[in-house]
1. From Cα pairs below 8 angstrom and at least 6 apart in sequence, can you work out the relative contact order of the chain, rounded to a whole percent?
2. Enter the angle in degrees (range 0 to 90, nearest 10) between the Cα long axis of helix 100-116 and the first principal axis of the Cα atoms of the chain, meaning the one along which they spread out most.
3. Mean shadow of the chain, computed from the convex hull of its alpha carbons, in nm²?
4. Ignoring ligands, DNA and RNA, what percent of the accessible area of region 112-199 is carbon or sulfur (1.4 Å)?
5. Tell me which residues come under 5 Å, amide H to amide H, from residue 131 once H is placed; ignore anything under 5 positions away on its chain.
6. Give the cross-link partners of residue 60 among the lysines, using a straight C-alpha distance below 21 Å as the criterion and excluding same-chain residues fewer than 8 apart.
7. Among the aspartates and glutamates, which have Cα under 13 Å from the Cα of residue 134 when same-chain residues fewer than 8 positions away are ignored?
8. What whole-number value in Å² describes the accessible area per residue of the chain for a 1.4 Å probe?
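The values are calculated or read from the model by the stated rules, or taken from the named source; none is laboratory data. What you see is a predicted model; the values in this text were computed from it and never measured. Quick note on the areas: whole protein, heavy atoms, side chains included, nothing else; ligands and nucleic acids left out. Shrake-Rupley method; radii C 1.70, N 1.55, O 1.52, S 1.80 Å.
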Amino acid sequence: MGLRDILTGRHEVKGPAPDRLFAITTAYVTLQAGHGIEPAGKAAIVFQALSSGEFETALKETEEVVAATCGESGTTLASQDDSYGYRWMVLSNPAGKPSVEDLAVGINAVASSIEMAGHGERLLCAVFAFADAKGQRIYFIYNYKRGYWYPFVPAGAGGSEQAQQRSTERELQLKAQIGGELPVEPEIERWFPLWGIPI
């Protein structure tokens, strides 16, 4: 079973817990200063879209909220649908100016708007991208249905996701490095891989 299978309709949504989501804004300082892991300046939120005019209107309003919230920082928002029918809203900082804080504010604005429109149960997860000194992409995933974070490190040939391999050893190392600052999912079997992340 994949992340989407588990996350869709199996559990009640706890709702976006801003305090837990915003834990990434302090945890990344430890990642950066203590472990040489740098923010990539991108984050995304993924949810199950509805093909209804009302839902699309809510999303349009969400985009306007995010534009107003993040406009001064230069953070941009783009959306795309994946092959599974899920909608990704991708936030990007201006080139050379990564700001985990701005990304977290934007992600929270999207999640809050979707929840206020009555569609909170459709939120799946938020994803923040980082990279280590070797250029290895590292993702921290916030599961809205569980209210926990977990690391995900693709480790295919050359770091490619095409092989759909992951570095479990590196993920456990990251848990040890950051577990005191992020509410990390305690059940490791729930650290579901998320392939095709568009950030």
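1. Dividing the mean separation by the residue count of the chain yields 27 percent.
2. In the chain, helix 100-116 runs at an angle near 40 degrees to the longest axis.
3. 10.6
4. 47
5. Those lying under 5 Å, H to H, from residue 131 are 38, 40, 138.
6. 42
7. Partners found: 38.
8. 46
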